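Asker: One structure follows; several queries about it will come next.
Each value in this text was obtained by applying a stated rule to the coordinates, not by laboratory testing. Remember, it's a predicted structure, so these values are computed and weren't measured experimentally. Cβ sites come from the backbone with ideal geometry, for glycine too, and all protein chains shown count toward neighbours.
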Amino acid sequence: MTESEPRRDWMGLLARAPGPMLDRLWPDPAPAFDWLRRPEQGSMMVQGRAGAVGAAFNLGEVTVTRASVRLGCGTVGHALVQGLDARKAERAALLDALLQTSAHNDLAVRVLTPLREAEAQAQAARAKRAAATKVDFFTMVRGEA
């Protein structure tokens, strides 16, 4: 990602990333930081739409973990990830803060690009599996006048 791309995009990418992959891509050593909010678990209501166009309705609850950190330079980072992975929430919050600093370009190449590529590969694999189950229906035109 480049600096012109919004923070919302990298925060979403970090939240969707598998925890073990974030661990592998983690830039060592970890920066010094203070907790604004230690990882804490809770639940959120998830909404859906009938046919993706209808009125929103409450689908159910999902478990989430959130965290907030402040780097030594004063930059604040936040994370909200699905599940109970406190380590992932901590790393995502730290990466969010670091991506707002001069380390952005380096981290974009070392962390965000591999995450984006892995996500695209996973989406392509899901699409391929779904395409294998596709049934094509067609209408035959009868030769009656």
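Asker: Fewest Cβ neighbours within 10 Å first, please rank 23, 96 accordingly.
Answerer: 23, 96
Asker: What are the equivalent ellipsoid semi-axes of the chain, built from the alpha-carbon gyration tensor (square roots of five times its eigenvalues), in whole angstrom, biggest first?
Answerer: Rounded to whole Å, the semi-axes are 39, 20, 14.
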